Amino acid sequence: MAKGFIAPVLLVLIAALLPALYKKWRVRNYYASLMLAIPFVLPWLTIWPTLLYLHSPVLFAEWAWSHNIGNWLDYAKSGPTKESFYYLKNLPWLAWPGLPLAVWVVWKSRHRLAQRDDLQLPLASFAVMLVTLSLVPNIKEVFALPMLLPIALLATASLSMLKRGASNALDWFSLMTFALVAILMWWGWAGLLLDNHAKVTLWLKAYQPGFTPEFDTVPFVIALLASVLWLVLVWRVGRSMRRAVVNWAAGITLIWILAMTLWLPWLDSGKSYRNMVVSLQQALPKHYQCIGREYLGDAQRAMLHYFGDIFTRADPKLRCDLRLIQGDKLSKPLLDEARWDKIWEGSRKGDKGEHYRLYRRKETIQ
């Protein structure tokens with residue numbers, strides 16, 4: 001509910017689509033289960049909005065209208081754009097290797113889908129999520145996460161039908177890929193720590209200038225333990241059709257653990273908003289009414305609040321005396337220079353995709 005109405009809408013559409021498409025769902029037990037679910041879900045759909053309204057009617061109105069109904073209506077007026085195909089283009093790598101397995105099992109069962117109720121629910125869920133999420137504003141990678149669940153369920157159904165040769169190929173590909181990536185991550189981390197002047201080390205230092213590596217015992221022990229456990233799991237897992245999936249999941253887990261232990265300081269050095277927000281905070285005038293925003297993402301607004309206690313607001317009528325605009329470094333100024341002065345611009349170190357400009361209305365200059 002904090003995100004908006006999109007999650008309940010998805011559930012309602014999925015519940016309605018199943019009996020519309022498949023005869024097996026047109027039974028009394030299914031409708032009875034839906035009626036039973038309503039009183040259980042109502043508290044979770046009402047308590048949070050009610051508490052938000054009691055806390056701040058202004059924030060409730062902004063949540064309900066600006067981020068939901070009004071936003072959808074504005075988007076519907078303009079119609080779908082090329083961004084509507086974002087998930088369709090990016091799912092092959094976002095959902096690898098689950099998506100190919102899911103497509104394969106649906107294709108193999110295409111003549112028996114009317115009898116395969118174990119496939120009907122995830123297939124209908126994925127179709128609803130893909131279409132609905134592609135036709136709403138704010139299309140981003142993170143919003144594709146719900147689609148991974150039905151894809152994973154469909155891919156799991158393929159394990160009993162997967163040929164041994166395909167399973168072995170997927171298994172060896174996962175082992176070689178994740179072993180190589182893990183070795184490179186350990187090697188690169190050690191190179192930064194020892195400053196061995198290797199080409200990879202020099203490239204890593206050039207990519208994050210000013211980063212000073214330090215040895216931290218706890219992350220090192222966690223990374224080492226995860227690597228050893230991965231080796232034991234790979235060595236001990238039995239030969240079965242599920243071996244490829246187990247090894248793939250274990251490899252993904254290992255890489256994430258290494259990234260969040262050994263490499264977190266290096267990643268944080270270039271990705272953190274802390275220095276940029278501090279610079280913006282120092283450039284703010286001592287007295288101002290409010291800061292309007294343009295093209296500022298939700299994550300960026302959260303970072304402004306977290307690091308600098310800076311709040312922005314939607315201001316389509318340009319009433320605020322300050323304006324913060326997010327764009328790329330090469331984009332042209334979006335405000336009339338005769339009425340606005342640029343008092344600050346900046347970005348995260350090494351980030352060319354996000355650039356920020358702060359403007360002040362000239363009439364407010366003393």
All lysines inside 18 Å of LYS163 as judged from Cα atoms, apart from same-chain residues fewer than 8 positions distant: LYS108
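Where in the chain are the DSSP H helices whose C-alpha atoms run 18 Å or more along the long axis and whose mean Kyte hydropathy is at least 1.0? Before the final figure, lay out each step's value.
Details: long enough: 6-21 (22 Å, 2.76); 28-55 (42 Å, 0.86); 117-134 (26 Å, 1.18); 145-157 (19 Å, 2.07); 164-194 (44 Å, 1.13); 217-236 (28 Å, 2.08); 243-261 (27 Å, 1.42).
Membrane-span-like by this rule: 6-21, 117-134, 145-157, 164-194, 217-236, 243-261.
For the cross-link pairs LYS82/LYS317; LYS199/LYS349; LYS89/LYS352; LYS205/LYS271, which exceed 26 Å when the distance is taken from alpha carbon to alpha carbon?
Details: LYS82/LYS317 28 Å; LYS199/LYS349 22 Å; LYS89/LYS352 23 Å; LYS205/LYS271 14 Å.
Flagged as over cut-off: LYS82/LYS317.
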Peptides ranked, highest mean first, by Cβ atoms within 10 Å: ranges 316-324, 190-198, 106-114: 316-324, 190-198, 106-114
Relative contact order (percent, whole number), the chain, Cα cutoff 8 Å, 6+ residue spacing: 11
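Do any trypsin sites (Lys or Arg not before Pro) in segment 1-104 lie in a DSSP loop with no more than 13 other beta carbon atoms within 10 Å, and if so, which?
Values: sites: LYS3, LYS23, LYS24, ARG26, ARG28, LYS77, LYS82, LYS89; in loops: LYS3, ARG26.
Taking segment 1-104 and a limit of 13 other Cβ atoms within 10 Å, the loop trypsin sites (Lys or Arg not before Pro) found are LYS3, ARG26.
A short reminder: the numbers here are calculations on the coordinates, not readings from a lab. What you are looking at is a predicted structure, and each value in this text was computed from that prediction instead of being measured. Cβ sites come from the backbone with ideal geometry, for glycine too, and all protein chains shown count toward neighbours.
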